[in-house]
Amino acid sequence: LSFVCSSVLSSGINAEYGGASGVEIISIESYDNGSTIASVSCPADTDTIRYDLQTSSRSAESTECTKETGYYDPGFVGSCAPQYPFSTGYVEKTWSIGSIGVPVCTSTPSGSLIEYNTVNMIAKLENENETICGPRNVAPCLISGNCTLVTDDDTKTGCSYASSTGKLSIFYTVEFNFTIWSKTERNAMKDPASTLKWYSCSQNYTETMSKRKRSIDDSSKLVDFSNVIEDDAAAAAEMEHQQQIEEPSTTDNYPYFMGVGVVAGIATIAILITAIVLKRRRTHTPVATEEA
């Protein structure tokens, strides 16, 4: 029994997974022996997108259908996975400083510890004249001038402190000056080449929190914080870790936020009902009058 592949599969063959990006270029060639070979290729690279031809155990760059079998083996051609250039890089480092007892990167530090409040900690990260602290002295692309530090958004370059865990996080974002296509190159440009420092800096930082309209003066903590940090530097360095933050999909957390929204909505309704009931009780409560 024999089949004519060109007639059995006149429309050719599909890319694996239906074509990941829908741009696959599939060509089919028929031969005199009755066999048909299907091949796939991807669009040419541009400045804004590239395609990587991906195959698996059930797909290939080209696959053949013979008249003896009447089907393609493997059953699919590969698919074109889109690749986009990296325009930014994000780095976050964390230290465990709970034992020191000073909430770095909050509104609390003042007096001799004022350099560790939020305003001054961010200033250490952004200061172009700082020669010891901040990412400008450790990020390879900032040192070489191949990227720019993002300084207009405290959610991209800044710090935070979790009082419940005693964890200090310092993070920064850079914008690359040229197109980067691989994660390896991106990481090599943005990741600190040495320890990211935020203490024993070269400049003085004395801004009060009033700069951000959050002035809280607490001069009772007169601790030689720099010495404490330096003594604990080795232990802090061991606990230091970097989180590689990819660009998450905004839909990834949709179920979570839906759940939170439902719970919050139910809680709000319960509170309103309780308030109404209490109000009615107060309204109908007899009030004692003063007797003559």
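The values are calculated or read from the model by the stated rules, or taken from the named source; none is laboratory data. Worth saying up front: this structure is predicted, and the values here are computed from it rather than measured. Cβ placement follows ideal geometry from the backbone for every residue including glycine, while neighbour counts extend to all protein chains displayed. Surface areas here come from the heavy atoms of the whole protein model, side chains and all, with no ligands, DNA or RNA. Shrake-Rupley method; radii C 1.70, N 1.55, O 1.52, S 1.80 Å.
At a glance:
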{"item": "Per-residue SASA entry for ARG58, accessible area with 1.4 Å probe, Å² rounded to 10", "result": "100 Å²"}
{"item": "Rounded accessible area of THR106 (nearest 10 Å², 1.4 Å probe)", "result": "30 Å²"}
{"item": "Efficiency of FRET from Cβ geometry, SER112 and ALA81, R₀ 41 Å, rounded to 0.05", "result": "0.15"}
{"item": "Relative contact order %, the stretch 36-104, counting alpha carbon pairs below 8 Å whose residues are six or more apart", "result": "31 percent"}
{"item": "Pair-distance profile P(r), taking every C-alpha pair of the stretch 36-158, with 10 angstrom steps and integer %", "result": "11, 24, 18, 13, 13, 12, 7, 3, 0"}
{"item": "Extension reserve of the LYS156-SER57 stretch, reckoned as 0.36 nm per residue once the Cα distance is removed", "result": "31.5 nm"}
{"item": "Extension gain from SER41 to ASN204, taking 0.36 nm per residue of separation minus the Cα-Cα distance", "result": "52.8 nm"}
{"item": "The stretch 15-166, accessible surface, carbon-and-sulfur percent (1.4 angstrom probe)", "result": "45 percent"}
{"item": "The stretch 163-209, Cα convex hull volume normalised per residue, Å³", "result": "175 Å³"}
{"item": "Residue-normalised accessible area of the stretch 99-191, given per residue in Å² at a 1.4 Å probe", "result": "40 Å²"}
{"item": "Local net charge near LEU125, Cβ-Cβ under 13 Å (Lys/Arg +1, Asp/Glu -1)", "result": "-3"}
{"item": "Sites LYS183 and ASP32, calculated FRET efficiency, Cβ-Cβ separation with R0 45 Å, nearest 0.05", "result": "0.45"}
{"item": "Listed residues LYS190, LYS93 arranged by accessible area, highest first, probe 1.4 Å", "result": "LYS93, LYS190"}
{"item": "The stretch 129-174-the stretch 68-98 distance, computed between alpha-carbon centres (Å)", "result": "28 Å"}
